1. Being open to solvent by 10 Å² or more (accessible area, probe 1.4 Å) and among the charged types (D, E, K, R) is the filter; apply it to the range 387-400 and report the residue that is nearest to residue 496 (Cα to Cα).
2. Can you tell me which residues in the range 401-413 are surrounded by 17 or more Cβ atoms within 10 Å (Cβ to Cβ) and not hydroxyl-bearing (Ser, Thr, Tyr)?
3. Which of the residues that make up the range 1-49 are open to solvent by 40 Å² or more (accessible area, probe 1.4 Å), farther than 26 Å from residue 264 by Cβ and polar (S, T, N, Q)?
4. Among the helices (runs of 4 or more DSSP H) confined wholly to the range 24-117, which include 2 or more residues that are under 38 Å from the mean Cα position of the chain (by Cα) and closer than 30 Å to residue 311 by Cβ?
5. Which number in (1) over 30 Å from residue 563 (Cβ atoms); (2) open to solvent by 30 Å² or more (accessible area, probe 1.4 Å); (3) modelled with pLDDT under 95 marks the one condition that residue 266 misses?
6. Which residues, taken from the range 142-165, are over 24 Å from residue 111 (Cβ atoms), open to solvent by 80 Å² or more (accessible area, probe 1.4 Å) and modelled with pLDDT of 75 or more?
7. Quick check on the range 102-117: of everything there that is in contact (Cβ under 8 Å) with a residue 40 or more places away in the chain and in contact with a helix residue (DSSP H, G or I) (Cβ under 6 Å, 6 or more places away or on another chain), which residue is farthest from residue 204 (Cα to Cα)?
8. Just name the residue that is surrounded by the most Cβ atoms within 10 Å (Cβ to Cβ) out of those in the range 374-386 that are modelled with pLDDT under 90 and of a type in the set (D, E, K, R).
Amino acid sequence: MTTNIALNAPQKKAVEHVTGPLLVVAGAGSGKTRVITARITHLMIDHGVPAREIIALTFTNKAANEMKERIAGFIGSNKELPFVGTFHSYCVRLLKENSAILENPFVSILDEDDKRKLLSGILHRANMHKELSARQAGYQISNAKNKLTVLSKPASELFDHPLLPDIYSAYEKEKRESKTLDFDDLLLETVRLFKKNKQFKELFQNGIRHVMVDEYQDTNLVQHELLKQMSLRNKKLVLDSICAVGDEDQSIYGWRGATVTNMLNFKKDFTGTTRIAIEQNYRSVQPILETANTVIKNNAQRNPKKLWSERTGTNRIKLLACMSEYQEADVITQLASIARTQETAPSIAVLYRTHSQSRAIEEAFLKHGIPYKIIGGLQFYERKEVKDLLAYLKLIANPFDRASLFRILNTPARGFGAKFEEKLYAIMAEQPFLTFKQASEHLINELPPAKKKALTAFLKIFDGLEPESKPRDAANHILNRIEYTAYLKKTYEGDDAQTRIENINELLNAMSHFESEKNATISAFLDDVALMQEKLTASDDQEHKVLLMTLHAAKGLEFDVVVLAGLEEGILPTSRALYENDDALEEERRLFYVGITRAKNYLLFSHAKFRYTYGQMVDQLPSQFLDELPKKHVIRDDADYWNQSQIRHFCADWLGYEQPEFKARQNQFASLIKDKIDAPGSASARKTKKTATHQKTSVKKSFTSNSSDDGLKKNQPVRHKTFGVGLVQSVEKKNANIVVTVNFKSGIKKIMSRFLQVV
C-alpha cells in the first residue's frame with residue numbers, strides 16, 4: 001500500500017481485498033471505521049478508482065462526516081470525495097436524478113410530523129381517531145414497510161388491526177396525489193426502481209464499481225434487498241466489490257426492523273464471499289474482553305470470533321449484590337465520588353436497560369453533589385409524563401398554580417380550546433384570590449353542554465384530595481380518574497408508550513420510598529422534588545459529569561469506568577424477552593455484551609435483591625446472564641450490610657485510590673508508634689505495638705460494624721411470621737430489648753427484634 005495508514009494483519013487483508021464480495025466481522029473496539037476509510041483510500045490511491053465509482057453507506061450523518069474527514073486527511077482536502085452518507089440520503093439522490101422514470105414522481109419528503117398530521121386527518125375524516133392514534137398508525141405502517149412485504153402483498157394482508165388496511169390505502173393515495181414520499185418510501189421506491197427498470201439498473205452497475213456498508217448488523221430487510229439490487233444481476237456480483245462491515249454480536253435494534261440474519265445470510269446471498277474477522281481490540285483490558293467473549297458465545301446466531309487485547313490488567317471486574325436499588329445507587333455514587341477526586345478524573349458511565357432506572361441513581365447523585373448528564377433522554381423529573389402527574393399534585397398543593405393548571409387542562413385531551421383557556425386565565429388574573437376551581441365555576445354556565453360536562457369531570461378529579469394526602473394514594477387516584485395509562489398507549493408508539501408507563505410506575509415507587517422514610521404529604525414530596533431540581537440546576541455547568549444512559553444509547557461509546565446496573569430478571573433480560581422466542585433473549589444478551597465492551601479499564605456489575613414495585617419491596621432474581629460470567633475474572637461481593645464507610649473503602653480499594661480520611665488515620669497511628677517507642681525491644685515498644693495493633697483492629701472493625709444494635713439498620717428487609725417481608729424504619733433499645741419499627745404491606749408495626757428474621 002502506498003497509503004501511510006497503520007493497520008494490523010487482518011485489517012490490512014480487509015483493506016487490500018478489492019475484488020469480490022467481502023464480509024468483515026469487526027468486533028467491538030477493533031477499528032472498523034479505520035478499515036472502511038483505509039479501504040476507500042487504498043482503492044483511490046493504489047488502484048486509481050475514481051471517487052464517483054465508490055459508495056460508502058452508513059446509518060448516521062455523524063458517522064458519515066467522521067469517515068469523510070478521515071478520507072480527506074489521507075488523500076488531501078482538495079481531492080474529490082466519494083459518496084459517503086446514509087442509506088436514505090443516497091436513495092434521495094438516486095430518485096431525484098431519475099425522477100423522469102419513477103412510477104410515482106415526488107416533489108417533497110414528509111418528515112415524521114408531516115406524516116402524523118396527514119394520518120391524523122385521515123383518521124378524523126373516517127371517524128376512526130378514537131380507536132387509533134396517528135402515532136400508532138404511523139408506527140404500524142412503518143413497521144410493515146421495513147419488512148419489504150409492502151411490495152408484494154395487498155394492504156389487507158399487511159396488518160393485524162382491522163382498521164389499518166383502509167387507513168394505509170388512504171394514506172398511500174394522499175401521498176401520491178400530493179407528490180410526497182415518507183422516509184420508508186425512499187428505500188422502497190429505490191428498490192422498486194431497480195426491480196422495474198432494467199436499463200436504469202444496468203447504467204447504475206456500469207457506473208459504480210465498489211460499494212461499502214458500515215454497521216451491517218443494523219440493516220433491515222429493505223436495506224439488504226437494496227444492496228442485492230445494486231450489486232447483483234442474475235444472482236451474480238457484477239460490481240468489482242461489495243464490502244459489508246459489522247458485528248452481529250452488537251445487533252440490538254430488532255425493535256426497529258434490524259435483523260441479525262442479514263449478517264449471517266451475507267455469504268449465501270453473495271456467492272464466493274470472503275470472510276475476515278478483525279478481533280484485536282484497542283479499547284479494553286484483556287479480562288474485560290474475555291468476559292465479553294464468554295458471555296456472547298452462548299448466542300447461536302453469530303459468526304464465531306474472539307476479541308483480544310494487548311492491554312493487560314488484574315482485579316478489573318466486580319459483581320456486587322446490593323440490598324435494594326437505593327443501596328445500589330449509593331455504591332455508584334461513592335464510586336463516582338472517589339473517581340472524581342483524582343487529578344486525572346476517569347470517564348464514568350452508568351448503563352441501564354430502561355430510562356426509568358435512572359431515578360434512584362439521579363437522586364443519590366443530587367444528594368451527594370455528583371454532577372451528571374443523561375444521554376439520549378431527559379432527567380427523570382423533566383420527563384413529560386412525570387411532569388404531567390406532578391402538575392396534578394401541584395394543583396392540589398397550590399390551587400392558584402396557573403402553570404400547572406394550563407399544563408394539564410387538556411392532558412389528556414378534554415376539548416378545551418384556546419378561547420376557553422384565555423377566558424379562564426383572564427378571570428384568574430383579574431381575581432387572583434380565586435382558586436382554579438372557583439375561577440372555573442365562574443365560566444361553567446357559559447359553556448355549551450359538552451364542554452360544561454368536560455369541565456365538571458375535570459374538577460371532580462381533585463375531589464377528596466388535600467395537600468396533606470399521601471402522595472402515592474393521590475397519584476393513583478388521579479391516574480385512575482384520568483385513565484392516564486390508556487392515554488399514553490393511545491398517544492405514543494409501542495416502545496415509547498411502555499417507557500413512559502415505566503416512568504410513571506417509577507415515580508410511584510419514589511413516592512412509596514419517600515413515605516417509608518418520612519411523614520409524607522403531597523406538599524412535602526413536592527418540596528423534596530423541587531429541592532432536587534435546584535441541585536440539578538446548580539450542577540449544570542460543572543465538568544467531568546458522570547454519564548447516565550441506556551445500553552442502546554451507549555453503543556459506539558467507550559469509558560474508563562463502566563457500571564452495568566439493575567442486572568435482574570425482568571429488567572435485563574426484560575420480562576417480554578423471557579416469554580418470547582430465543583431470538584428476543586439473544587438480543588438481550590447482545591445488549592449485555594455491548595455494555596461490557598464499553599469499558600476500557602474497570603467494569604462493575606450490580607443487582608438488587610429487593611426493589612420497590614407498586615409500593616412494596618419485591619424479591620428480585622439476579623439476571624441469568626450473571627451466571628454466564630467467568631469466575632476467573634469476575635470477583636463477586638455481597639454489599640447487603642455494608643455501611644457508607646465500607647462502601648467507600650470497597651470503591652477506593654478496587655480503583656486503587658487512597659481515601660484521605662483512611663490515610664489520615666494510618667498516619668496518626670504511625671506517628672503514635674514513633675513517639676512512644678523508646679528503644680527496640682523495650683517494654684515501651686512492646687506496649688506501643690500492642691496499642692497500635694488494638695487500634696488497627698478498631699479501625700478495621702469500624703469498616704465492618706453495623707449501624708445499629710442487634711445487626712439491624714434502616715431500610716433493611718426483614719421477615720415476620722405473620723406480617724411477611726417488611727422494611728426497617730428505626731431501631732431503638734428499651735431496657736434489655738431491641739424494638740424495631742417495620743413498614744409491612746399491612747402497615748407500620750413495632751416488634752421486638754427476636755421475632756424478626758433478616759432476609
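1. 387
2. 405, 406, 407, 408, 409
3. 2, 4
4. The qualifying helices (runs of 4 or more DSSP H) are 32-46, 61-75.
5. (2)
6. Answer for the range 142-165, where residues must be over 24 Å from residue 111 (Cβ atoms), open to solvent by 80 Å² or more (accessible area, probe 1.4 Å) and modelled with pLDDT of 75 or more: 160, 162.
7. 115
8. 383
The values are calculated or read from the model by the stated rules, or taken from the named source; none is laboratory data. Computed from a prediction, not measured in an experiment: that's the story for all the values here. Cβ coordinates were reconstructed from backbone atoms using ideal geometry, including for glycine residues, and neighbour counts include every protein chain displayed. These accessible areas exclude ligands, DNA and RNA; they are computed on the full protein's heavy atoms, side chains included. Shrake-Rupley method; radii C 1.70, N 1.55, O 1.52, S 1.80 Å.
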